[in-house]
Amino acid sequence: MLPIGGLKQKVLAAHAAGLTEVIVPERNQPDLDDVPSDVRDQMQFHIVGSVDRVLTLAPLEPAELAMARHRERIVGRRIATRLATRVVVGAWR
């Protein structure tokens, strides 16, 4: 799973929107230190190392899942970045 850019800003935006759970790629875990501690204390972070783990935490709709699997066959690991970005930006309440 590839790291994403702008984790601090994505977490702060999720917090401002009232979201409390965020999926974070394993390689971005050190970046959580940049997030203010008061924000970190109010949120739950799921550290993931694979797309399979992302899909268990934030299942996609059947059509989205089929599309993700199709893309994975075509572009391989690059889908991890797309999904990680989508999920972090679209963290859930």
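All of the numbers you see were taken from the coordinates with simple rules; none came from a lab. Values in this document were obtained by computation on a predicted structure and should not be read as measured data. With ideal geometry, Cβ positions are generated from the backbone for all residues, glycine too; neighbour counts draw on all protein chains shown.
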Need one number: nm distance between label points at Asp41 and Ala16, each 7 Å from Cα along Cα→Cβ, rounded to one decimal. 2.2
Distant-in-sequence amide H partners of Val24 (H built 1.01 Å from N, under 5 Å): His46, Ile47, Val48
